[in-house]
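Notes to accompany the following structure.
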Amino acid sequence: MTPITPPSITALTLGVRDVQRSRDFYVTGLGFREISFIPGEILFVQAGFGLLLALWNVESMPGEYGQVGHGTLAPPLSVGHNTASAEEVSELYAGALAAGATSVSAPTRREWGGTSACVADPDGFRWDFVHNPSFAIDDDGTVTGV
């Protein structure tokens, strides 16, 4: 019997209304490294070690994912970015707003001892910028201190 490799997330896909607008936000505004871009269809950016973020034209998604779409509420998804400092939370928050995000919550010191801020990207996807003093990633990639 061949051992099964534990599942791991190597790509996240967000359905977006305007791929160019998303490119402007994620690459130009937030500084993600572009991997591949097909105008009007899909953009892939490097989102972390071995992790892709795909921004796919939401109208093309049903062929592979079934019926998906945007409604009146924000999508029930938050993409988190842990930072090294509270100051970095503020910098990322300001940069996201300058790139077209909408503020959900300004940088705030939280009761659990860290600082966080939340913005909505041009399609309403939430980005949570967090400084958690307990958060750590070991040399082998294990996350601790959440």
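The values are calculated or read from the model by the stated rules, or taken from the named source; none is laboratory data. Nothing here was measured: the structure is a model prediction, and the numbers come from that model. Note: ideal-geometry Cβ built from the backbone for every residue, glycine included; neighbour counts use all protein chains shown. In case anyone asks, the SASA skips ligands and DNA or RNA and just uses the protein heavy atoms, side chains included. Shrake-Rupley method; radii C 1.70, N 1.55, O 1.52, S 1.80 Å.
The set of residues in segment 98-118 that are touching a Ser or Thr at 6+ places or on another chain (Cβ under 6 Å) and within 30 Å of GLU59 (Cβ to Cβ) contains only CYS118.
For VAL79, only one of the following conditions fails: (1) open to solvent by less than 30 Å² (accessible area, probe 1.4 Å); (2) in contact with a strand residue (DSSP E or B) (Cβ under 6 Å, 6 or more places away or on another chain); (3) over 25 Å from ASP139 (Cα atoms). What is its number? The number of the failed condition is (3). A single entry from SER105, SER116 fulfils the requirement of being over 22 Å from ASP24 (Cα atoms), touching an Asp or Glu at 6+ places or on another chain (Cβ under 7 Å) and assigned to a strand (DSSP E or B): SER116.
Of all residues in segment 87-146, those satisfying the criterion of being surrounded by fewer than 17 Cβ atoms within 10 Å (Cβ to Cβ) and among the aromatic types (Phe, Trp, Tyr) are TRP112, PHE135. Looking only at segment 77-102, residues that are within 22 Å of ASN132 (Cβ to Cβ) and in a loop (DSSP other than H, G, I, E, B) come to 5 in all. Scanning segment 10-25 for residues that are touching a residue at least 40 places away in the same chain (Cβ under 8 Å), within 19 Å of HIS70 (Cα to Cα) and open to solvent by less than 80 Å² (accessible area, probe 1.4 Å) yields LEU12, THR13, LEU14, GLY15, VAL16, ASP18, SER22, PHE25. Taken over segment 3-27, residues that are over 15 Å from the mean Cα position of the chain (by Cα) and either of a type in the set (Ser, Thr, Tyr) or at positive phi (or both) amount to 2. Residue pairs whose Cβ atoms lie under 7 Å apart, separated by 6 or more positions or on different chains, with the first residue in segment 125-138 and without any contact (Cβ under 8 Å) to a residue 24 or more places away in the chain and the second of a type outside the set (A, V, I, L, M, F, W, C) and in a strand (DSSP E or B), are ALA136/THR144; ASP138/THR144.
Using the structure shown, decide if GLY69 is farther than 25 Å from LEU97 by Cβ, open to solvent by 40 Å² or more (accessible area, probe 1.4 Å), over 17 Å from the mean Cα position of the chain (by Cα) and in contact (Cβ under 8 Å) with a residue 40 or more places away in the chain. For GLY69, the condition - farther than 25 Å from LEU97 by Cβ, open to solvent by 40 Å² or more (accessible area, probe 1.4 Å), over 17 Å from the mean Cα position of the chain (by Cα) and in contact (Cβ under 8 Å) with a residue 40 or more places away in the chain - is met.
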